[in-house]
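Encoded as structure tokens, the structure appears first; notes follow it.
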Amino acid sequence: MAAEAGAIAGAVTGGITWWTIISAFGGSIFGATVSAVVSFIIQKRNLDAAKRQRDEDKLDLRKARAYSLLFKMIKLASSLENLGKALQGCFEQAQKQGLTGAPWQIVQPIVGGTDEIHFAPEEMALLLSIDDKLFNEIAALDELHNSTAAIFALYGNKRTRILERFGATMSGNIGTTGLTQEQLDWLAPRAAELNGLIAAMQERSQIDAKQAWSALLKLRDSLEANLGIRHRLVHKSEIEPSAQAYAT
């Protein structure tokens, strides 16, 4: 009996020992599993948050480049509009005053609004990524604007240098100069060159201004559709015939 009792006690003791070991081992596995799941969830949340931040930063950067390009296009379109209006204003003013003469005698040097504009590679890369057709339409507009503005600057410089050679009798802001035949012969080819520049100025400012305004409207629509950028554009000629383009 004593032997049997000892055997039973040993068995019970052994059973409790193995159960304790198994329970402890199972608890360790379960605890490790729970810890791993919690760690995975936290890590995934952190990774998701980091990705969202990167996406937001990327979107903010794209929007910043888009606004930069948009504002350059607004400046470009306004500059070309101003040049054309100023040129036309010279002829309108001469007509009001009853003045006649060659174009170079009427058109004064036009200054202001002719700073060079350059699209950044990052701005054009953005445009290419969202609208390749519009990219082809806009890509060369900065150089087109700069070359048109350069014609106006060239005309002003040449006309000023030519007139510095002669004196003038002024009546208000209108000057009258008497020229000898020799002076007329010297002036003739240079006057023809000035008139040619004026013709180029008229053509380029009118065509370029229309092209720039059309491209600006398309850019505004494309940025709104692709990046959610809303910007209202109004051409002042719709309100004031002699005014320029502007944006709000």
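Since every read-out is calculated from the coordinates, none of them should be taken as a lab result. Since the structure is predicted, the reported quantities are computational estimates derived from the model, not experimental observations. Cβ sites come from the backbone with ideal geometry, for glycine too, and all protein chains shown count toward neighbours.
R0 = 22 Å: FRET efficiency of Arg165 with Ala102, Cβ-based, nearest 0.05? Computed FRET efficiency for Arg165 and Ala102 comes out at 0.85. Ranked for footprinting exposure by Cβ neighbours inside 10 Å, fewest first, Ser214, Ser205, Ser222 give Ser214, Ser222, Ser205. Relative to the current alpha-carbon distance between Ala120 and His231, full extension at 0.36 nm per residue lengthens the span by 37.9 nm. The length gained on full extension between Leu128 and Ala192, counted as 0.36 nm times the residue separation minus their Cα-Cα distance, comes to 18.7 nm. Ranked by how many other Cβ atoms sit within 10 Å of their own Cβ, fewest first, the residues Tyr155, Tyr67 fall in the order Tyr67, Tyr155.
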